[in-house]
């Protein structure tokens, strides 16, 4: 936020008039907002011949730009990809997996959906490729702002949920265009960490936002819950926390809050160093953010307690997860030793879901940290295949 102080009013008026005349003479016309409806495909390109784009189990891969929501509710272009199985579709068409990636960063260079084959050890194909081998189309969104217009609002659940559902819509259009067959209208949403948060929101919104689709099941692991509880304790001098990349996550959350809630003066809570870190978070990818913030603590970034004033209530609303209203069965997977998404908070969240009648299966893994092993991910695929009835 810029401040303008000490400028005489008459000079301000003159400057505005001169600037207006200059812009009218030299500036290009404003770019029109995209027209269409949520999920419309703006453009699609086959990228199967790019080695970094195709997992071993994918027959064809398409780079897709489609329309979906931003934090203001406007339709904007969002990036994603569609990967097709090698087996031909059956009479009812392929099933769809809406895969939501974990934290990759907020900048335009932090995309992953067009580089799913860029994995030297082939581990991604072992766990994500299994969905392809089980006859699912993989519809993968980048979320609004990553590789597209605007800044990504990290953990803005309603936006990520809509981006996910619109990616499913776009995938069905792409399959029809390039293969000539229909897909099932049912899909499974799946993701971990940030992606788990997005998958839960897509489940919550599916019935009202995309009634033509059927969210058959949701799988989420390492889901951030109770983030506002973390932030409530942060104040100047807050001690170092032994959590991997804690400053990176902190900066992403506040950078996202600035995008989603511009009415909250986030900068007023930050030191000059903090403002620089948050600004950099809008462009740095996850792999870059760790080294860039090495040695810093969140206590160095804040100038007053985050619990003061309007920031914490806004953050609580911004990062929330619904505790009721889910239309599809849920599998929540949690590493017991996870120090990013804490097991006690996840357990409390599950208890609230169950008390509200939500169909949730909860599995914890005693030796697992943040994320899942390949075996645990394959367990989730099996759960989706055996627990789900497909209206195809």
> What residue, among those in segment 285-310 that are under 26 Å from residue 349 (Cβ atoms) and touching a residue at least 60 places away in the same chain (Cβ under 8 Å), is surrounded by the fewest Cβ atoms within 10 Å (Cβ to Cβ)?
Replying inline: 307
> Right, residue 357: surrounded by fewer than 18 Cβ atoms within 10 Å (Cβ to Cβ), under 21 Å from the mean Cα position of the chain (by Cα), on the phi > 0 side of the Ramachandran plot and modelled with pLDDT of 95 or more or not?
Replying inline: no
>> Going residue by residue through segment 168-177, is there one that turns out to be in contact (Cβ under 8 Å) with a residue 24 or more places away in the chain, surrounded by 24 or more Cβ atoms within 10 Å (Cβ to Cβ) and touching a helix residue (DSSP H, G or I) at 6+ places or on another chain (Cβ under 6 Å)?
In response: no
> Which one of the conditions (1) surrounded by fewer than 16 Cβ atoms within 10 Å (Cβ to Cβ); (2) closer than 30 Å to residue 360 by Cβ; (3) touching a strand residue (DSSP E or B) at 6+ places or on another chain (Cβ under 8 Å) does residue 229 fail to meet, given that it meets all the rest?
Replying inline: (3)
> If residue 183 passes every condition in (1) over 20 Å from the mean Cα position of the chain (by Cα); (2) surrounded by fewer than 24 Cβ atoms within 10 Å (Cβ to Cβ) but one, which one does it miss?
Replying inline: (2)
> Going by the structure shown, is residue 342 modelled with pLDDT under 95, out of contact with any helix residue (DSSP H, G or I) (no Cβ under 8 Å at 6 or more places or on another chain), surrounded by 16 or more Cβ atoms within 10 Å (Cβ to Cβ) and outside the structural domain of residue 235 (by TED's automatic domain parsing)?
Replying inline: yes
>> Name the single residue that is farthest from residue 255 (Cα to Cα) among those in segment 274-303 being outside any helix (DSSP H, G or I) and in contact with a strand residue (DSSP E or B) (Cβ under 7 Å, 6 or more places away or on another chain).
In response: 303
> Residue check: is residue 153 touching a helix residue (DSSP H, G or I) at 6+ places or on another chain (Cβ under 9 Å), in a loop (DSSP other than H, G, I, E, B) and either in contact (Cβ under 8 Å) with a residue 60 or more places away in the chain or crowded, with 22+ Cβ neighbours inside 10 Å (or both)?
Replying inline: yes
> Name the residues in segment 234-284 that are farther than 30 Å from residue 69 by Cα and free of Cβ contacts under 8 Å to residues at least 60 places away in the same chain, would you?
Replying inline: 240, 241, 271, 272, 273
> Name the pairs whose Cβ atoms lie under 6 Å apart, with the first residue in segment 98-109 and at positive phi, the second in a strand (DSSP E or B) and modelled with pLDDT of 95 or more, and 6 or more positions between them or separate chains?
Replying inline: 105/285
> Any idea how many residues of segment 73-97 are without any contact (Cβ under 8 Å) to a residue 40 or more places away in the chain and under 24 Å from residue 111 (Cα atoms)?
Replying inline: 1
>> Out of 75, 116, I need the residue that is in the same structural domain as residue 215 (by TED's automatic domain parsing) and more than 26 Å from residue 290 (Cβ to Cβ). Which one?
In response: 75
> What are the residues in segment 116-133 that are buried (at least 17 other Cβ atoms within 10 Å of the Cβ) and in a loop (DSSP other than H, G, I, E, B), if any?
Replying inline: 116, 117, 128
>> Please pick out the residue among 334, 348 that is in contact with a strand residue (DSSP E or B) (Cβ under 7 Å, 6 or more places away or on another chain), at pLDDT 95 or above and in the same structural domain as residue 147 (by TED's automatic domain parsing).
In response: 334
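So that you can scan it fast, the table gives a plain yes or no per residue for (1) in contact with a strand residue (DSSP E or B) (Cβ under 9 Å, 6 or more places away or on another chain); (2) under 21 Å from residue 179 (Cα atoms); (3) not assigned by TED's automatic domain parsing to the domain that holds residue 285:
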residue	(1), (2), (3)
71	no, no, yes
94	yes, yes, yes
97	yes, yes, yes
104	yes, no, yes
153	no, no, yes
> Would you call residue 223 in a loop (DSSP other than H, G, I, E, B), crowded, with 24+ Cβ neighbours inside 10 Å and touching a residue at least 24 places away in the same chain (Cβ under 8 Å)?
Replying inline: yes
> residue 148: closer than 25 Å to residue 279 by Cα and either in the same structural domain as residue 64 (by TED's automatic domain parsing) or out of contact with any helix residue (DSSP H, G or I) (no Cβ under 7 Å at 6 or more places or on another chain) (or both), yes or no?
Replying inline: yes
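The values are calculated or read from the model by the stated rules, or taken from the named source; none is laboratory data. This structure is a prediction, so every number in the text was calculated from the model and none was measured. When we count neighbours, we look across all protein chains shown, and the Cβ atoms used for this are built from the backbone with ideal geometry, even at glycine.
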